[in-house]
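Remarks on the structure that follows.
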Amino acid sequence: IFFRPNMAILATLLILVSSFAGIGFAVFLFNKIKAIEVDQGGTRKEDALGVAEEGSHDPYAVLFKCYNAIRGGANAFLIAEYTLCLGFTVVFAVLILFLTAHERAGEWNFSVGMLSAVSFAVGAITSMASGYIGMQVATFSNARTTIQAVLPGEDGWTGSFNTAFRAGGVMGFALCGLALFVLFLLINIYSMWFPAEWSEDEPPVKKLFECIAGYGLGGSSMALFGRVGGGIYTKAADVGADLAGKVVSGIPEDDPRNPATIADNVGDNVGDVAGMGSDLFGSFAEASCAALVISSQSKELVTAGWTTIMFPLCISACGILVCAACSFIATDLKPVKMESDVEKVLKVQLFTTALGMSIVVFLLSLIALPDTFSFEGFRDVESKKVECHWWGAYLCIFSGLWSGCLIGFITEFYTSHSYKPV
């Protein structure tokens, strides 16, 4: 389908274009959300600073005050948490440097140690950036979703769903675009020390991707801090809000007069959104790095060329483009107009995206992978060769893609109030 000599260039262009397209599409969605004005009621300057008069009955003034309080609290929490995370990153990176540099008794390879430590640090910082982007978008869009929800009739359903959907898209596309670009950049820089080439003695491509593996570890480490730290904080605030508000003072749950309610919302954003952003980045980085490490064990895959080596990254690159194209289904082609539409639209969106990826990945597998390739020593100690085919790799991707969809549909059937089991 493509001319062989140009395939390496095409693979590089696909990854780079998709990375910047993902970031650019995130900016596009963010501007859509930004166009919604939060201060609907002309809130006074002192209200914007969080000192609105007690007993104010202007709902937009209360909304704007809560909005600023939650954003300020979430920013303060993340700054405190990420300050500690940076210290952990430095200490653990030094530990990784020495542990990975020590190859065998009396032999040290500080090139491997240094590159692994840098991968870990870059992964950790990128993970923190992903979490920060997610948290900023969530706190930026929550009040705007509320404002759209109070619109009359179908406009309220369409506007609120589209705002929330686009907010999730901002984090998703920005995260994937940034993660893909940084990983591709690391691989190209590290190839100056360990070229992506095969040799019978000790293939440098193995060292290359073993050093890159630290990228996924760094992402997962920060996800742990975001999930656990934010989760503990929000549970403490939730219990505190109940004890101090409902039990002691008789204030209804989630009442803005209770300061612990604001803390609870801060924790939800930090744990569920910032933690989720770091978690998603960690999953992406780990899966990509694992695929690269495994592929470096096959002589046929490595010698097939740059396009084959970059096959895992090309899948993610295609995913960004397919998801961006399909995202307009839920917001423009088949918008939500009533409550019952929400589940239908999300299902159509998920099914269409999975179908599009199935077709695109089939073509990508046919183009990028050799007809057959083999691995040694993965099944038993006798190091027998395991023969694989390009269609086998495609079936693995296809199975994982549709298994995820199937699990989601089955879970919804047994947990949603829309279906008979509930």
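Can you find a residue that is at pLDDT 85 or above and of a type in the set (S, T, N, Q) anywhere in segment 252-264?
There is no residue in segment 252-264 that is at pLDDT 85 or above and of a type in the set (S, T, N, Q).
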Would you tally the residues in segment 322-380 being over 30 Å from Ile309 (Cα atoms) and hydroxyl-bearing (Ser, Thr, Tyr)?
2
Ser288 meets each of (1) within 17 Å of the chain's Cα centre (by Cα); (2) surrounded by fewer than 19 Cβ atoms within 10 Å (Cβ to Cβ) with one exception, condition (2)
Quick check on segment 265-311: of everything there that is part of a helix (DSSP H, G or I) and hydroxyl-bearing (Ser, Thr, Tyr), which residue is modelled with the lowest pLDDT?
Ser278
Which residue pairs have Cβ atoms under 7 Å apart, sit 6 or more places apart or on different chains, and have a first residue in segment 398-411 that is free of Cβ contacts under 8 Å to residues at least 60 places away in the same chain and a second that is of a type in the set (Gly, Ala, Ser)?
Phe398/Ser358; Leu401/Ala354; Leu401/Ser358; Trp402/Ala354; Cys405/Ala354
Would you confirm whether or not segment 330-344 contains a residue that is part of a helix (DSSP H, G or I), within 22 Å of the chain's Cα centre (by Cα) and not aromatic (Phe, Trp, Tyr)?
yes
The conditions are (1) open to solvent by less than 40 Å² (accessible area, probe 1.4 Å); (2) at pLDDT below 90; (3) of a type outside the set (D, E, K, R), and Ser191 fails exactly one of them. Which is it?
(2)
Which residue pairs have Cβ atoms closer than 7 Å, lie 6 or more positions apart in sequence or on different chains, and pair a first residue in segment 95-110 that is under 16 Å from Phe194 (Cβ atoms) with a second residue that is among the hydroxyl-bearing types (Ser, Thr, Tyr) and modelled with pLDDT of 90 or more?
Thr100/Ser116
Looking at the structure I just gave you, is Gly153 modelled with pLDDT under 90 and either surrounded by fewer than 22 Cβ atoms within 10 Å (Cβ to Cβ) or of a type outside the set (Ser, Thr, Tyr) (or both)?
yes
Sort through Gly214, Gly168, Gly177, Gly226 and tell me the only one that's under 16 Å from the mean Cα position of the chain (by Cα), at pLDDT 90 or above and open to solvent by less than 30 Å² (accessible area, probe 1.4 Å).
Gly177
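Each row is one residue, and each column tells you yes or no for (1) in contact with a helix residue (DSSP H, G or I) (Cβ under 8 Å, 6 or more places away or on another chain); (2) open to solvent by 20 Å² or more (accessible area, probe 1.4 Å).
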position: Lys246; (1), (2): no, yes
position: Asp255; (1), (2): yes, yes
position: Thr261; (1), (2): yes, no
position: Asn265; (1), (2): yes, yes
position: Leu292; (1), (2): yes, no
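Just to be sure, is Gly319 part of a helix (DSSP H, G or I), in contact with a Gly (Cβ under 7 Å, 6 or more places away or on another chain), within 25 Å of Ala223 (Cβ to Cβ) and touching a residue at least 40 places away in the same chain (Cβ under 8 Å)?
No; evaluated as a whole, the condition is false for this residue.
Residues are listed down the side, and each one gets a yes or a no for (1) assigned to a helix (DSSP H, G or I); (2) open to solvent by less than 30 Å² (accessible area, probe 1.4 Å); (3) modelled with pLDDT under 90:
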position: Ala76; (1), (2), (3): yes, no, yes
position: Glu81; (1), (2), (3): yes, yes, yes
position: Leu84; (1), (2), (3): yes, no, no
position: Val90; (1), (2), (3): yes, no, no
position: Ala93; (1), (2), (3): yes, yes, no
position: Ile96; (1), (2), (3): yes, yes, no
position: Glu103; (1), (2), (3): no, no, yes
position: Gly113; (1), (2), (3): yes, yes, no
Segment 306-329 - residue that is more than 22 Å from the chain's Cα centre (by Cα) and open to solvent by less than 30 Å² (accessible area, probe 1.4 Å) and, of those, nearest to Val293 (Cα to Cα)
Ile309
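Look through Ile1, Ile15 and report the one residue that is open to solvent by 90 Å² or more (accessible area, probe 1.4 Å) and either under 16 Å from Phe311 (Cβ atoms) or modelled with pLDDT under 85 (or both).
None of the other options fit; the residue is Ile1.
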Pick from segment 392-422 the residues that are in contact with a Ser or Thr (Cβ under 7 Å, 6 or more places away or on another chain) and either among the acidic types (Asp, Glu) or not in a loop (DSSP other than H, G, I, E, B) (or both): which of them is nearest to Leu346 (Cα to Cα)?
Leu401
Touching a Cys at 6+ places or on another chain (Cβ under 7 Å) and over 24 Å from Ala196 (Cα atoms) - does that describe any residue in segment 276-283?
no
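The values are calculated or read from the model by the stated rules, or taken from the named source; none is laboratory data. No experiment lies behind these values; they were computed from the predicted model shown. Reconstructed Cβ throughout: ideal geometry from the backbone, glycine too, with neighbour counts over all protein chains shown. In case anyone asks, the SASA skips ligands and DNA or RNA and just uses the protein heavy atoms, side chains included. Shrake-Rupley method; radii C 1.70, N 1.55, O 1.52, S 1.80 Å.
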